[in-house]
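Peer 1: Got a structure for you, questions after.
The values are calculated or read from the model by the stated rules, or taken from the named source; none is laboratory data. Here the structure is a predicted model, which is why all the values come from computation and not from measurement. Cβ: placed from backbone, ideal geometry, glycine included. Neighbour counts: every protein chain shown.
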């Protein structure tokens, strides 16, 4: 094996060891599901970012950026990251107050209805199953280009690398390994951007080449992107960007793999601060990696497959040490996402669908459920590999459509009832899932207004409103909502409040810095290039 493969294998062994060590400290279901509700800001932030930035970004988004979709994807990213401070403040802290073990259980407590918990649990399993297929495909695609093994062998290695430490360690192990992996791939991006821009003749030379179309693709850096890639007009592509900006904003606000992190937080200030730090982390990393992937096109406009653009860059444009860091970072991003989704599946099967209450039996069945689902995913991946980018779009549109209105309505609309919540969630899920399945199976491209997300959200809102207007809020439901607005005394600590306020200032300062970066390193050189 080459040096890259050797280092990746070593990193996988390291994650397994960490998971095994943490797994030995798991004493009960509270430890296994929500890490004892004692996680600090750094672990929550690390897990939020790592579970979001998986192979979908490093392979899927980077490939799309390389093919000329830089600015549309950056638009999605900017809108999406707003979901972190909004989600933590408007949903996450209330979820934590419910003291639920899972997000589906939160809905059950809020609406005093086990039926909605089971429905939400089924949706979690379906979404995570789809998402894990994309992660498995991404990891095996990456590893097959580095490790001298057949793709199926790489699939098994990838599967084993996240399955066993997740099953052993539960949420505590996922939080710790996610944070370590977040540090690895963030360092990798910081190192790789100067190396790639140097290979393109320098940053400004790279921007100039991309702007004037010297790389085989026109409109690389326009707001509408490459018009030969998705839709044929800039406004259609911009509309797509806004649509999926809203989708991903909802995903980072209320999706189970994001909002469930808040259940593990030490207090509500940790929830709010983690949301702000995650906003900064995702936005900075996404901006750098999208431009870096586009810059690779200046050095080589013929990378095949295009989803492997960052893998090619690591092995051809960077010093060996930097390339190793980038490749292990990409693998880490994929494994962190997979471990998060797998843990959610196990927790939902046992806690939400089967409703196992015995603590010891719950731990045992959770681990069996994780192994079973993981094995099924391995079998499906071995038979028919999915498309990384489109699979992530399926799962994102489904969760945003089915949970968005219900999640925020559960906190902020007094009139929502259990019937409205149930039908809103069910119709949103069926609408988004069925339309997405139809478009993928037939190869149909629908107008943006009929995107699966919009169809799902239309139906979800109709279900919520009609279902709620045709029923009455029960005294129990009203009591549960009122409890969400009772602020615990420990949250009024002045020291914690000051830390949270200062984090807000830091987030705003970073936003201003990123705006100036875009003006100096994108807008100005791009304008100069196209004008002459």
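Peer 1: So, residue 442, is that one more than 21 Å from residue 131 (Cβ to Cβ), at pLDDT below 85 and surrounded by fewer than 16 Cβ atoms within 10 Å (Cβ to Cβ) or not?
Peer 2: Here the answer is yes, as residue 442 does meet what is asked.
Peer 1: Given the condition in contact (Cβ under 8 Å) with a residue 60 or more places away in the chain, over 23 Å from the mean Cα position of the chain (by Cα) and either in a helix (DSSP H, G or I) or over 23 Å from residue 118 (Cα atoms) (or both), answer yes or no: does some residue in region 421-428 qualify?
Peer 2: There is at least one residue in region 421-428 that is in contact (Cβ under 8 Å) with a residue 60 or more places away in the chain, over 23 Å from the mean Cα position of the chain (by Cα) and either in a helix (DSSP H, G or I) or over 23 Å from residue 118 (Cα atoms) (or both).
Peer 1: So, one more: For the condition over 24 Å from residue 18 (Cβ atoms), in contact with a helix residue (DSSP H, G or I) (Cβ under 8 Å, 6 or more places away or on another chain) and surrounded by fewer than 24 Cβ atoms within 10 Å (Cβ to Cβ), what is the one hit in 356, 311, 373?
Peer 2: On the way: 311 fails: surrounded by fewer than 24 Cβ atoms within 10 Å (Cβ to Cβ); 373 fails: over 24 Å from residue 18 (Cβ atoms).
Going through 356, 311, 373 in turn, just one is over 24 Å from residue 18 (Cβ atoms), in contact with a helix residue (DSSP H, G or I) (Cβ under 8 Å, 6 or more places away or on another chain) and surrounded by fewer than 24 Cβ atoms within 10 Å (Cβ to Cβ): 356.
Peer 1: Mind checking which pairs have a first residue in region 236-257 that is closer than 14 Å to residue 456 by Cα and a second that is outside any helix (DSSP H, G or I), Cβ under 7 Å, 6 or more apart or different chains?
Peer 2: Taking only residues 6 or more apart or on different chains, the pairs are 243/451.
Peer 1: Do you know which residues across region 472-496 are outside any helix (DSSP H, G or I) and loosely packed, with under 14 Cβ neighbours inside 10 Å? Write out each step before concluding.
Peer 2: Step one: of region 472-496, the residues outside any helix (DSSP H, G or I) are 472-474, 485-488, 493.
Scanning region 472-496 gives 472, 485, 486, 487, 488, 493.
Peer 1: Among 498, 492, which is modelled with pLDDT of 90 or more, closer than 20 Å to residue 41 by Cβ and out of contact with any helix residue (DSSP H, G or I) (no Cβ under 9 Å at 6 or more places or on another chain)?
Peer 2: Within the list 498, 492, the selection yields 498.
Peer 1: Tally time: how many residues in region 181-222 are touching a residue at least 12 places away in the same chain (Cβ under 8 Å), part of a loop (DSSP other than H, G, I, E, B) and closer than 21 Å to residue 315 by Cα?
Peer 2: Matching residues across region 181-222 total 3.
Peer 1: Mind checking whether some residue in region 340-352 is surrounded by fewer than 18 Cβ atoms within 10 Å (Cβ to Cβ), out of contact with any strand residue (DSSP E or B) (no Cβ under 8 Å at 6 or more places or on another chain) and modelled with pLDDT of 85 or more? Quick ask: steps written out before the conclusion?
Peer 2: Step one: filter region 340-352 for residues surrounded by fewer than 18 Cβ atoms within 10 Å (Cβ to Cβ), giving none.
There is no residue in region 340-352 that is surrounded by fewer than 18 Cβ atoms within 10 Å (Cβ to Cβ), out of contact with any strand residue (DSSP E or B) (no Cβ under 8 Å at 6 or more places or on another chain) and modelled with pLDDT of 85 or more.
Peer 1: Here's another thing I want to ask about it. Got a sec? Which of 320, 324, 335, 365 is within 16 Å of residue 129 (Cα to Cα) and either touching a residue at least 12 places away in the same chain (Cβ under 8 Å) or surrounded by fewer than 24 Cβ atoms within 10 Å (Cβ to Cβ) (or both)?
Peer 2: Matching residue, one of 320, 324, 335, 365: 335.
Peer 1: Kindly indicate which of 239, 200 is modelled with pLDDT of 80 or more and under 25 Å from the mean Cα position of the chain (by Cα).
Peer 2: Going through 239, 200 in turn, just one is modelled with pLDDT of 80 or more and under 25 Å from the mean Cα position of the chain (by Cα): 239.
Residue-by-condition table, conditions (1) modelled with pLDDT under 75; (2) closer than 30 Å to residue 186 by Cβ; (3) touching a strand residue (DSSP E or B) at 6+ places or on another chain (Cβ under 8 Å); (4) outside any loop (DSSP other than H, G, I, E, B):
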position: 357; (1), (2), (3), (4): yes, no, no, no
position: 368; (1), (2), (3), (4): no, no, no, yes
position: 373; (1), (2), (3), (4): no, yes, no, yes
position: 378; (1), (2), (3), (4): no, yes, no, yes
position: 392; (1), (2), (3), (4): yes, yes, no, yes
position: 399; (1), (2), (3), (4): no, yes, no, yes
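Peer 1: Now for a different question. Out of 137, 178, report the one residue that is within 19 Å of residue 17 (Cα to Cα) and in a helix (DSSP H, G or I).
Peer 2: 178
Listed here are the residues, each with its yes/no results for (1) modelled with pLDDT of 80 or more; (2) touching a helix residue (DSSP H, G or I) at 6+ places or on another chain (Cβ under 8 Å); (3) buried (at least 24 other Cβ atoms within 10 Å of the Cβ).
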{"residue": "115", "(1), (2), (3)": "yes, yes, no"}
{"residue": "138", "(1), (2), (3)": "no, yes, yes"}
{"residue": "141", "(1), (2), (3)": "no, yes, no"}
{"residue": "147", "(1), (2), (3)": "no, yes, no"}
{"residue": "168", "(1), (2), (3)": "no, yes, no"}
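Peer 1: Could you tell me whether region 451-469 includes any residue that is part of a loop (DSSP other than H, G, I, E, B) and touching a residue at least 12 places away in the same chain (Cβ under 8 Å)?
Peer 2: yes
Peer 1: Residues in region 85-108: is at least one in contact (Cβ under 8 Å) with a residue 12 or more places away in the chain, in a loop (DSSP other than H, G, I, E, B) and over 20 Å from residue 171 (Cα atoms)?
Peer 2: No: region 85-108 contains no residue that is in contact (Cβ under 8 Å) with a residue 12 or more places away in the chain, in a loop (DSSP other than H, G, I, E, B) and over 20 Å from residue 171 (Cα atoms).
Peer 1: Going through region 314-328 one residue at a time, which ones are more than 19 Å from residue 139 (Cα to Cα) and not in a loop (DSSP other than H, G, I, E, B)?
Peer 2: 316, 320, 321, 322
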